[in-house]
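Every number in this text was worked out from the coordinates using simple rules, so none of it is lab data. Values in this document were obtained by computation on a predicted structure and should not be read as measured data. No Cβ is skipped: glycine too gets one built from the backbone with ideal geometry, and neighbour counts run over all protein chains shown.
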Amino acid sequence: MVRLTQVSKTYMRGETTVSALIDVSLEIRRGEFCAFVGPSGCGKSTLLNMIAGLDQPTSGEVLIETRSTRQLTSAEWTKIRRETIGIVFQAFHLVPGLTAEENVALPLLLRGEGGRGAATRVEELLEMVGMTRRKRHRPGELSGGEQQRVAIARALVHQPRLLLADEPTGNIDSHQGADIMALMKSLAKAGGQTVLLVTHSEQAAQAADYTWTMQDGRLVERTVQMSEPVPL
Ligand SMILES: Nc1ncnc2c1ncn2[C@@H]1O[C@H](COP(=O)(O)OP(=O)(O)OP(=O)(O)O)[C@@H](O)[C@H]1O
Ligand SMILES: [Mg+2]
């Protein structure tokens with residue numbers, strides 16, 4: 001689903017250069033849930049932004065479903081973001097003037113999908129994230145955890161094949177964070193989505209199938225999560 005080949009990213013900061021990513025190669029297969037962990041500044045967001053097309057590698061190649069991101073025109077990127085990718089950010093990025101329900105509907109409207117079908121899909125997603133009773137609220141009238149649930153519903157409403165999440169539980173308490181992770185995991189498994197999660201939280205990373213630990217712009221270790229305990 002996603003393949004990186006010797007991807008490096010260097011930023012210029014005045015006279016100095018910062019190597020945000022160094023020679024990163026990896027493959028994430030369809031349906032996998034992969035977490036990236038590591039200290040602040042190790043390159044996690046840079047890596048995710050590269051895959052989201054929000055940034056370009058200095059060298060190396062990023063493939064999304066066999067297509068090299070280098071060759072994509074901005075119109076093609078727009079199409080991929082509308083169809084293939086869903087993104088959840090730490091700061092939610094909901095549109096303040098729109099209600100929860102209108103925020104969730106946005107990706108469908110951008111694709112020119114309206115009407116009964118879209119409305120049903122929005123209802124369905126709000127139900128899945130437990131926000132039906134708050135659907136007429138605007139983001140300012142919702143708690144952090146509620147806003148994040150709306151953001152997850154919005155990221156999944158158009159059934160993207162790839163879900164990218166950068167610290168989705170960073171702005172909410174750990175109890176709510178665990179709920180959000182469990183929710184993301186179950187929605188992704190149900191929809192067959194591939195998920196790339198960036199997180200500081202070891203606990204959040206437990207939801208993933210496996211974890212890449214990053215350090216100073218490099219991938220240093222891949223850990224496969226132990227299978228979940230069998231319920232008694
Ligand atoms: N636009 C930019 N210009 C210059 N340097 C940048 C830019 N974006 C990121 N960096 C630098 O690249 C490195 C990696 O940053 P990145 O945001 O990927 O880290 P991160 O692992 O996501 O950290 P955090 O956990 O704090 O979010 C850092 O040293 C950062 O200062
Ligand atoms: Mg980051």
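If you line up the long axis of helix 100-110 against the longest principal axis of the chain, both from Cα atoms, how many degrees apart are they, to the nearest 10?
Rounded to the nearest ten degrees, it is 60.
Could you work out how far helix 74-83 tilts from the main Cα principal axis of the chain, as a 0 to 90 degree angle to the nearest 10?
Result, in degrees: 50.
Distances longer than 25 Å among the Cα atoms of the chain: what percent of all pairs is that?
41
Per residue, how big is the convex hull around the C-alpha atoms of segment 1-136? Give it to me in cubic angstrom, could you?
Given the Cα convex hull of segment 1-136, per-residue volume reads 161 Å³.
Determine the distance separating the Cα centre of segment 159-196 from the Cα centre of segment 58-90; give it in Å without decimals.
Between the Cα centres of segment 159-196 and segment 58-90 lies a distance of 20 Å.
Report, in degrees rounded to the nearest 10, the 0 to 90 angle that the Cα long axis of helix 144-156 makes with the longest principal axis of the chain.
In the chain, helix 144-156 runs at an angle near 80 degrees to the longest axis.
For segment 71-203, just the Cα atoms, rotate onto the principal axes and tell me the three extents in Å, largest first.
39, 36, 27
Report the local net charge at Glu127: Lys and Arg +1, Asp and Glu -1, summed over other residues whose C-beta lies under 13 Å from its C-beta.
Working: positive: Arg121, Arg133, Arg134, Lys135, Arg149; negative: Glu101, Glu123, Glu124.
Surrounding charge for Glu127 is +2.
From Cα pairs below 8 angstrom and at least 6 apart in sequence, can you work out the relative contact order of the chain, rounded to a whole percent?
So the answer I get is 28 percent.
What does the highest-first list of 114-127, 168-181 look like by mean Cβ count within 10 Å?
Values: 114-127: 14.6, 168-181: 18.4.
Averaged packing, sorted descending, gives the order 168-181, 114-127.
What relative contact order, as a whole-number percentage, does segment 83-191 give when Cα pairs under 8 Å and 6 or more residues apart are counted?
42
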